[in-house]
Amino acid sequence: MSRGTVLVIDDDALLLRTVQRILGSADFETVGFHDAEAALAELDKLPAVRAALVDVTLPGMSGLQFLQRVKHTRPGLEVVMMTGGSSLENAVTAMKDGAYDYLAKPFESVEKLISVVGHALERSALIDRNSELERLLSVREEVSEIIGKSPAMTPVFDVIAAVADTPATVLVTGESGTGKELVARALHRLSRRRKKPFVAINCAAFTETLLDSELFGHQKGAFTGASATRRGVFEMADDATLFLDEVGDLAAGTQVRLLRALQEGEIKRVGGNETLLVDVRVVAATNVDLKDAVRRHSFREDLYYRLNVVSIHLPPLRERIGDIPALTAHMLQKHAVRMDRAVDGISDAALARLCAYRWPGNVRELDNCMARAVVLARSSRISESDLPLELQNNAAVLANGDASIEGLSYADAKRRTLETFERSYLRAKLREASGNISRAATAAGMDRSNFKRLCRSFAVEIDDPEVSEPVPSFSGPAR
């Protein structure tokens, strides 16, 4: 296995071949050049190169000049200078300019050459790891508004981190209220366009004529009421990010114009003849099944593929029940501050109700529920009676709730609350289905085998003629 790739630059052809042979015998990959200018011109095509061994004295661009240039364009690439006996002063200068080390020619030994190059590659790898850790920390900070640690959210965070700092168009899908605009804002804040504005528009809020004007602008007199020339959001988002919400509701004519904007980077204002070039990173969102819309010929297939370069699917809240305690805590604090109410917690029974509800309106519905509860709270803690009636009457929650979670750590309280919810939810679904696992699983929106596995994990008795094997009995979930 290669220990890394090293760039070697020396105008002495014999020495260049010798150095490459020595490094090759130590399992290093090498790329050789006789002059620094040629090496610098090709460096962008050599991303695997993580260290360079460069002679100080070269024809044309000197080794010191190469060092200064490469440290500007590839700061993570470690450079080891090779110097003749009379150029030690240049070696000192090189170290001040950022060289990792220097080797005097002729080399002290083969082992010394291999050791210095190996350490240079190790340092480069360490810098890369530190940079990646800093990037991941930045990602976590920028997506902090998207609360969730459940397995269903892991792919969301992974894709955001991978594509944020690219120009790729992103299509965010998911049910209404799942937080698609939060994802778009996180993509913007993590991109190199973050210093420019984040521009958002809801495509479902306008008629076709007005939407064309909002997207592409219009010339004075283009239509009744167009009393002045106006820029559209594509112009406003030049060099920035444009979020197109509810893109599945676009009319056929607007789809054609949007396709050209994405494909060519060109727009024309309504009523205008001038072609304007724009550089816009588009993030689109929809709760419509665009594949189905393409099959029904209500959405252009070519536009679908232009929008769906990278896709991010946000799971509904019912598939990330484990995030409800953290979401609830965040929303309570937010609304208590905004409404100046002394509410700082929620009862165990009320939290169990929240975890048992299916949330057809997703995170937005939970947020509205918490705002209402903060307003109506009779004490400093939200109780069951402060919740909407549909939650209070939810049959999936045990009447007596679970044991108290007061005094427990957040992790333990969350685990116990979720165990109570899952056990009671499974029992309720089985009761509704008269013990039939298949019907209970379908009602829960789950695969039969997964539903059955959860019943076993939480010691929920299964009374179903489809099941022949006994269900193990134990006091808690398998871990």
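Nothing in this text is a laboratory measurement; each read-out follows from the coordinates by a stated rule. Here the structure is a predicted model, which is why all the values come from computation and not from measurement. When we count neighbours, we look across all protein chains shown, and the Cβ atoms used for this are built from the backbone with ideal geometry, even at glycine.
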In Hz, Karplus ³J(HN,Hα) per residue of the stretch 34-40 (6.51, -1.76, 1.60; θ = phi - 60°; x = Gly, Pro) | 8, 9, 6, 4, 5, 5, 5
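By its C-alpha gyration tensor, with a ≥ b ≥ c as the square roots of the eigenvalues, how is the stretch 5-133 shaped: rounded for a/c under 1.5, else prolate for a/b larger than b/c, else oblate? Intermediate values should be presented prior to the final figure.
Values: a/c = 1.30, a/b = 1.17, b/c = 1.12.
Since a/c stays below 1.5, the shape of the stretch 5-133 is classed as rounded.
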Take the alpha carbon atoms of the stretch 25-91, find their center, do the same for the stretch 293-335, and report the distance between the two centers in whole angstrom.
-> 48
Each residue of the stretch 292-309 in turn: what ³J(HN,Hα) in whole Hz from Karplus with 6.51, -1.76, 1.60 and θ = phi - 60°, glycine and Pro shown as x?
-> 5, 5, 5, 5, 8, 6, 9, 9, 5, 5, 5, 5, 4, 6, 5, 7, 9, 5
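For ARG338, what is the net charge nearby, where nearby means another residue's Cβ is under 15 Å from its Cβ and Lys, Arg count +1, Asp, Glu -1?
Result for the local shell: 0.
Using helices alone, what [θ] at 222 nm do you get for the chain, with -39,500 (n - 2.57) per DSSP H run of 4 or more residues, divided over all residues and rounded to the nearest 500?
Details: 19 runs with 216 residues, N = 479.
Per the formula, -14000 deg cm²/dmol.
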Once you have the Cα-Cα distance between LEU277 and SER380, take 0.36 nm times their residue separation minus that, and quote the gain in nm to one decimal.
-> 31.5 nm
Once both label points are put 7 Å beyond Cα along the C-beta direction, the HIS119-GLU266 separation in nm becomes 5.9
P(r) of the chain over all Cα-Cα pairs, 10 Å bins starting at 0, rounded to whole percent, reads 4, 15, 17, 16, 17, 15, 11, 5, 1, 0
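Based only on other Cβ atoms within 10 Å, what is the fewest-to-most ordering of THR286, THR224? Mind showing how you got there, number by number?
On the way: THR286 24, THR224 6.
Taking fewest neighbouring Cβ atoms as first place, the list is THR224, THR286.
Could you tell me the relative contact order of the chain? Use alpha-carbon pairs under 8 Å, at least six residues apart, and round to a whole percent.
Relative contact order of the chain: 10 percent.
Could you line up GLU208, GLU274 from fewest to most neighbouring Cβ atoms inside 10 Å? Write down the numbers at each step before the final one.
Working: GLU208 12, GLU274 8.
Listed from fewest to most nearby Cβ atoms, that is GLU274, GLU208.
What is the sum of charges, Lys and Arg at +1 and Asp and Glu at -1, for the other residues whose Cβ falls under 13 Å from the Cβ of VAL374?
Working: positive: LYS334, ARG338, ARG341, ARG372, ARG378, ARG381; negative: ASP340, ASP344, ASP367, ASP386.
Within the 13 Å Cβ shell, the charges total +2.
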Scan around VAL280 for amide H atoms under 5 Å from its own, H built in the peptide plane at 1.01 Å from N, and keep only partners 5 or more places away or cross-chain.
-> ASP239
Which three extents, in whole angstrom, do the alpha-carbon atoms of the stretch 97-238 cover along their principal axes, largest first?
-> 84, 41, 18
For the chain, the dipole about the Cα centre with charges only on Cβ (Lys and Arg +1, Asp and Glu -1), to the nearest 20 debye, works out at 1060
Counting only DSSP beta bridges with both residues in the chain, tell me the antiparallel percent, nearest 5.
-> 5
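Only bridges whose two residues both fall in the stretch 151-315 count here: according to DSSP, what percent of them are antiparallel, nearest 5?
Details: 3 of 21 bridges.
Restricted to the stretch 151-315, the bridges split so that about 15 percent are antiparallel.
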